[in-house]
Amino acid sequence: MDYQGKSIIMLLLFLGISAFIIPDRSKEKSFIQEDIFSFPPVNLQATQETRELLYLLYYMKGRYTLSGQHNYLEDPELTTLKLQNMIGESPAIHGYELGAILDQSDEEIKEQRQRVVESAIRTNRAGGIVAITYHANMPGECACWEHVNNGGISQAEFKEIITPGTNLHERMLADLDKVAVYLKKLQDAKVPVLWRPYHEMNGYWFWWGQQPEFTQLWEIMYERFTEVHKLNNLLWVWSPSAPNSYAEPFEPYYVGPLRADVLAVDIYNGEYEQSHHDQLWVLSGGKPIAIGENGMLPDPELLTLKQRQYIWFMTWADELEENNELSDIKKLYETDKVLTIEKLKTMMQEAAGN
């Protein structure tokens, strides 16, 4: 039986016993009063704040779309501040990065990751949601773009990376351990994170791309973070590229319902195909789906009518200004369905009063 088949069977068994191991939400202090269908976090040890964030996503599913703006590791607030100056409000999700794409020293990367942590805590305290992308460098290589976006590697080399005891495997674990330090700081500060690693795995540009054994790479990170580092503040976001002439279909690379809390799709060139939304929604089995990255912003009517299941969008750093007119940015952010931090706070207050 393949990995996908095992995952489905495990999920069915899990749902049969979940009532006995998932905390009773009726005893928790939550702004949500109504009983809605939702899956528990894939990590059953998830913190209270993390479970509340996931429950929030289920509550908003089909009702609202969270606005999001990504920022680079080198300046974790630059593009979010630009957006704030444009529209006078803050995006509901502040997108961060823990992988480096410039050739920098280890000390510089440490300092930048620490600034991400400090900014993420401020975002959380202000009522925003923290999302973190991780452009992983090739194990043991410098944290720079040429060792991230390298056009792919051979299956033999990938096999060495995922095989315990090999040199590349040990180097990868060492890299993961360095990243875990900063995620642990966020956990200590009670900040839940939408964690989005190894994205666009169905394309061939990143070293982890189009690998038949991709799910094993995901599993290694998941086990390292949850079992070794006890990181329980992560919601795991699986985010392939929109299928096209460069990217293969979603299904062969899906990590399964026991390893993904949210399924997202990265969309560029304005290719908001209905099939991308619908196929991801079917694959999710009812879990939240999102736009993991976008260049051109989605049309408000699209989010409101035909592709209403997208729970957030995340505009990629410089793409905000390079591929969007100010009038279109304002039009989207003024849409009732699209939530900024300010609108999110209002929605939560109204929900708490019901």
Margin query: On a straight-distance basis, which aspartates and glutamates could pair with LYS337 in a cross-link, Cα separation under 18 angstrom, same-chain partners fewer than 8 positions away excluded?
Written below: GLU89, ASP299, GLU301, ASP328, GLU350
Notebook entry, point to check: Which cross-chain or sequence-distant (5 or more) residues have an amide H under 5 Å from the amide H of ASN202, H modelled 1.01 Å from N in plane?
Noted result: GLN210, SER241
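Compute and list, largest first, the equivalent-ellipsoid semi-axes of the range 178-265 from the alpha carbon gyration tensor, each √(5λ) rounded to a whole angstrom.
Numbers: eigenvalues 129, 31, 25 Å².
Working through the eigenvalues yields semi-axes of 25, 12, 11 Å.
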Check: Where in the range 195-230 does the amide nitrogen come within less than 17 Å of the point 7 Å from the Cα of GLU273, taken along Cα to Cβ?
Finding: 200-204
Note to self: Residue by residue through the range 186-197, what is 3J(HN,Hα) from phi via Karplus (6.51 cos²θ - 1.76 cosθ + 1.60, θ = phi - 60°)? Round to whole Hz and write x for glycine and proline.
What the structure shows: 5, 4, 4, 8, 6, 9, x, 10, 7, 9, 10, x
Check: Based on DSSP H runs of at least 4 residues, each adding -39500 (n - 2.57), what is the mean residue ellipticity at 222 nm of the chain after dividing by all its residues, to the nearest 500 deg cm²/dmol?
Finding: -12000 deg cm²/dmol
Next item on the list: Scan around THR65 for amide H atoms under 5 Å from its own, H built in the peptide plane at 1.01 Å from N, and keep only partners 5 or more places away or cross-chain.
Entry: VAL338, LEU339
Margin query: Counting C-alpha atoms alone, how compact is the chain: give Rg to one decimal and Dmax as a whole number, in angstrom.
Written below: 19.2, 57
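Taking a threshold of 20 Å on the Cα-Cα distance, which of the pairs LYS61/LYS343; LYS184/LYS230; LYS110/LYS178; LYS82/LYS330; LYS159/LYS230 fall above it? Don't skip to the answer; put the middle values down first.
Values: LYS61/LYS343 16 Å; LYS184/LYS230 8 Å; LYS110/LYS178 9 Å; LYS82/LYS330 13 Å; LYS159/LYS230 26 Å.
From LYS61/LYS343; LYS184/LYS230; LYS110/LYS178; LYS82/LYS330; LYS159/LYS230, over 20 Å: LYS159/LYS230.
Assuming 0.36 nm per residue, please report the length gained on full extension of the stretch ARG122 to GLU141 beyond their Cα-Cα distance. List each step's numbers first, then the result.
Values: separation 19, 0.36 × 19 = 6.84 nm, distance 3.17 nm.
Result for the pair: 3.7 nm of gain on full extension.
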Margin query: Normalised radius of gyration for the range 44-114, please: alpha carbon Rg relative to 2.2 N^0.38 Å, two decimal places.
Written below: 1.41
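Evaluate Rg over Rh across the range 223-348, taking Cα atoms for both radii and Kirkwood's formula for Rh.
Working: Rg = 15.7 Å, Rh = 15.8 Å.
Using Cα coordinates only, the ratio equals 0.99.
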Checklist line | Likely footprinting exposure, LEU194, LEU56, fewest C-beta neighbours within 10 Å first | finding: LEU56, LEU194
Notebook entry, point to check: Can you give me the Cα centroid spacing of the range 216-243 and the range 313-354 in angstrom?
Noted result: 27
Check: Measuring from centroid to centroid over Cα atoms, what is the spacing of the range 36-91 and the range 273-294 in Å?
Finding: 17
Margin query: Along its three principal axes, how long is the range 112-247 when you only count alpha carbons? Whole Å, largest extent first please.
Written below: 44, 37, 24
Item checked: Reachable aspartates and glutamates from LYS185, criterion Cα separation under 16 angstrom, eight or more residues apart if same chain -> GLU49, GLU97, GLU111, GLU118, ASP177
Item checked: Share of Cα-Cα pairs in the range 151-229 lying beyond 22 Å, as whole percent -> 28
Next item on the list: Using amide H atoms built 1.01 Å from N in the peptide plane, name the residues 5+ places from GLU293, or on other chains, whose amide H lies under 5 Å from its own.
Entry: VAL265, ASP266, ILE267, MET314
Next item on the list: With the Cα gyration tensor of the range 288-354 in hand, give its eigenvalues times 5 under a square root as the equivalent ellipsoid semi-axes, listed largest first in whole angstrom.
Entry: 23, 14, 12
Item checked: Chain lengthening between GLU107 and VAL181 when straightened (0.36 nm per residue, less Cα-Cα) -> 25.2 nm
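Where does each of 117-127, 91-101 land if you order them by average Cβ count within 10 Å, highest first? Mind showing how you got there, number by number?
Working: 117-127: 17.0, 91-101: 25.0.
Going by the mean number of other Cβ atoms within 10 Å, highest first, we get 91-101, 117-127.
Bear in mind these aren't lab numbers, they're just calculated from the coordinates by the rules spelled out. All figures in this text were calculated on a predicted structure; none of them were measured in a lab. Reconstructed Cβ throughout: ideal geometry from the backbone, glycine too, with neighbour counts over all protein chains shown.
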